[in-house]
Amino acid sequence: MTALLSIERVKARYGPVEALRGVSLTVDEGEIVALIGANGAGKSTLLMTICGAPKAAEGRIVYAGQDITGTDLHDMVKLGIAQSPEGRRIFPRMTVLENLQMGAYLGDERNLSGDLERMFALFPRLAERKYQRAGTMSGGEQQMLAIGRALMSRPRLLLLDEPSLGLAPLLVAQIFATIREINRAQGVTVLLVEQNAYHALRLANRGYVLVNGEIRMSGTGQSLLDDPDIRKAYLAGGHG
Amino acid sequence: MEYFLQQLINGLTLGAIYGLIAIGYTMVYGIVGMINFAHGEIYMIGAFVSLVAFTILGTFAFASPVLAILIVLIAAIIFTSVYGWTVERIAYRPLRGSFRLAPLISAIGVSIFLQNYVHLLQGAKMKPLQPIVTGGFVMTGDGSFPVRITYLQIGIIVATVVLMAGFTLLIHKTKLGRAQRACEQDRKMAALLGVNVDRTISITFVMGAALAAVAGLIFTLYYGAVDFFIGFLAGLKAFTAAVLGGIGSLPGAMLGGLLIGLIEAFWSAHFPIAYKDVAVFGILVVVLIFRPTGLLGRPDVEKV
Ligand SMILES: Nc1ncnc2c1ncn2[C@@H]1O[C@H](COP(=O)(O)OP(=O)(O)OP(=O)(O)O)[C@@H](O)[C@H]1O
Ligand SMILES: [Mg+2]
C-alpha cells in the first residue's frame, strides 16, 4: 500500500527554536494513526507544518503522491486536508451554523444542506444549538463543532489535535467513537494527536511517539500499549 | 419645531456622508486591525473624480442628470477602488506581521502623499461645479419658517439607507461576508478552511473605497466645490464616527456618522459655528469615558 501522507525528515523552527528535528512518518489511506508525546514535544507543530504554517525548514511532505511542502495554508482544503487545530479555534462570534458553513467554504453549494444534515446527525447537540453564538458554547460542544467544521470540507485526510482535551470521560468515549465512525463509515484517513494515550492507541491502527521534536518509537497501537516504557511515561494514569 | 425639523434634515444629510466613510474605517479595522488613515484621501479622490467626470460630461452638454450621476458614480467607484487596492498592496501588505505601529505610520505617509499628489495634479484652489440636481419642496407651510427638503437631500438619504442595508446583508448573509468575519476573528483558521486571506483583505479595502467614492460623489453634488484638503477633516470626523459607534462595528459606524452629522447641524444652528468641531470631539471624549468600546462596540472580554 502506498502512503497517503508521508513526512520525510521534516524540520521546523520558530525563530531559533527548533520544534521538529527531522521527523519522518507515514499515514496510509484509510488508517487512523495516533501521535503521542509530552507537552512541548512538537505534536501540534507537526500538524501545522503539514498544512504549511510554519513551513518545513527542511525535508519533504508528500500527500497523495504530490510534494506539498511549499503549498499555501489556504490551498490545503482543496487538496482534501482538513484540520481541527489545537485550541479548537472556532469562530466565537459566529453561530454554530455559520461555523459549519465556513467549514464548507470551498465546497460545492449543492452538497451543503446534505452535509449539514449529516453533521447534525453525528452531533445532535449541534443541531439544538444551531443559532447559538459558538463562543458561548461549552468546551465539549465547541470540540464537536471544531470536528464537525473540519468534516464539512469532505476531507480525505483529517488532522485532529487533542479532540478529547478538557472533556468529561463520557464525552471522551463518545468523541473517540465518533472518530472511529468517521473513519469506518466515511473512509476518512485520520492523523490524531492526543494526550490521552490510552484511548488514542486503542483506537489507532498505528502510533508514533514524539519526544523533543523527534520520533522516538512507532508501532501498532497495541504494541505501543504493551510497551513498558510507554506504559510508564504516558499511561501512568492507571488505565487498562 | 420647524427649525428643529430643518436641522434634522441637514444633519441627516451630513451624517450620511460621514457614515459612508466611517464604514471603510471600521471594516478595515475589524479585519486587519489597523486604522487606514489614508481612507479620508480616498474619499477626497472620489470627490475629485466625480467633479472631473461631471465637468467632462458637462462639455458634452449631457441632458439627463440621473444618467450623468450614474456614469460619474461608476467612474468614481472604479478609480477609488484602484487607489484603495493599490494603497493596501503597496503600503500595508508588506508590513503585515511587523510591529503594530508600522502600518499606521505608513498610512499617514500615504495620506500625505495622496494629498500632495492631488494638490499637484489639480492645484490648490477650490474647484466649483454647476449644480446638477436642483429643486425640492417645502414640507410644512405655516409661513413663519418653511422647512425645505431638496431632491438631492432625499436622494442622498435614500441612497445611504439602501447602501447601508445592502452592506449589512452582504456582511451577514453572504459567503464573502462570512469569510470577512472569519478573517476578523481568526485569520489563520480562516486560511486553514480555504479562505484566501490576502484576497479577502484586498476586497475589504475595495469595498471601503467604493463607499468612500459614493460619499465623495455626494459631497461634490451637495457642496458644489472640491479641494485637495477635504479628505483630512472629513476623514477625521468619519474616524471619530467609527470610534463613537464602536470601531469594528458596522451598525456602529452608521450610527456614529449620523450622530456626528446631527451634532454638527444642531450645534451650528444654536451655538457659534466655529466651535462645532469642538462639540463633535468633546462628545467623543465623553462617550469614550463612559463607554470605552463606543456605543455599539463589543467589550473585549469576549475575545478568545
Ligand atoms: N508560535 C510559536 N513560537 C515559538 N515557539 C513555539 C510556538 N509554537 C510552539 N512553540 C514551541 O515549539 C515546541 C513544540 O510546541 P508544540 O505546540 O508543537 O507542542 P505540543 O507537542 O503540541 O505540546 P502540547 O501537548 O502542550 O500541546 C514547544 O517548545 C513550544 O514552546
Ligand atoms: Mg499541542
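The values are calculated or read from the model by the stated rules, or taken from the named source; none is laboratory data. What you see is a predicted model; the values in this text were computed from it and never measured. Because the Cβ atoms are built from the backbone with ideal geometry, glycine has one as well, and the counts that use them run over all protein chains shown. The protein model used for the area step is the full one, side chains on, heavy atoms only, and it has no ligands, DNA or RNA in it. Shrake-Rupley method; radii C 1.70, N 1.55, O 1.52, S 1.80 Å.
For region A:191-217, which residues satisfy the criterion of being surrounded by fewer than 23 Cβ atoms within 10 Å (Cβ to Cβ) and more than 16 Å from ligand 1 (Cβ to nearest atom)?
Within region A:191-217, A:202, A:203, A:205, A:206 qualify.
Name the single residue that is nearest to residue A:227 (Cα to Cα) among those in region A:181-204 being in contact (Cβ under 8 Å) with a residue 60 or more places away in the chain and within 16 Å of ligand 2 (Cβ to nearest atom).
A:197
Any residue in region A:46-54 that is among the hydroxyl-bearing types (Ser, Thr, Tyr), more than 16 Å from ligand 2 (Cβ to nearest atom) and either surrounded by fewer than 16 Cβ atoms within 10 Å (Cβ to Cβ) or within 14 Å of chain B (Cβ to nearest Cβ) (or both)? Talk me through it step by step, then tell me what you get.
Step one: of region A:46-54, the residues among the hydroxyl-bearing types (Ser, Thr, Tyr) are A:49.
Among the residues that remain, those that are also more than 16 Å from ligand 2 (Cβ to nearest atom) are: none.
No.
For the condition among the small types (Gly, Ala, Ser), away from ligand 2 (no atom under 16 Å from the Cβ) and crowded, with 16+ Cβ neighbours inside 10 Å, what is the one hit in A:24, A:6?
Values: A:24 fails: crowded, with 16+ Cβ neighbours inside 10 Å.
The unique qualifying residue is A:6.
Scan region A:69-89 and report the pairs whose first residue is facing another protein chain (nearest Cβ under 7 Å) and whose second residue is open to solvent by 50 Å² or more (accessible area, probe 1.4 Å), with Cβ atoms within less than 8 Å and a gap of 6+ or a chain change.
Hits for this filter: A:73/B:188; A:77/A:106; A:78/A:106; A:89/B:188.
Does any residue in region A:40-64 that is part of a helix (DSSP H, G or I) come within less than 6 Å, Cβ to Cβ, of a residue that is open to solvent by 10 Å² or more (accessible area, probe 1.4 Å) and more than 14 Å from ligand 1 (Cβ to nearest atom) six or more places away or on a different chain, and which pairs are these?
A:51/A:73
Output yes when any residue across region B:28-40 is of a type outside the set (Phe, Trp, Tyr), touching a His at 6+ places or on another chain (Cβ under 9 Å), surrounded by 15 or more Cβ atoms within 10 Å (Cβ to Cβ) and closer than 29 Å to residue B:265 by Cβ, and no when none is.
Yes: one or more hits.
List pairs: first in region B:150-172 and in contact (Cβ under 8 Å) with a residue 40 or more places away in the chain and under 19 Å from residue B:261 (Cα atoms), second part of a helix (DSSP H, G or I) and open to solvent by 50 Å² or more (accessible area, probe 1.4 Å), Cβ under 7 Å, 6+ apart or cross-chain?
B:152/B:222; B:156/B:222; B:157/B:12
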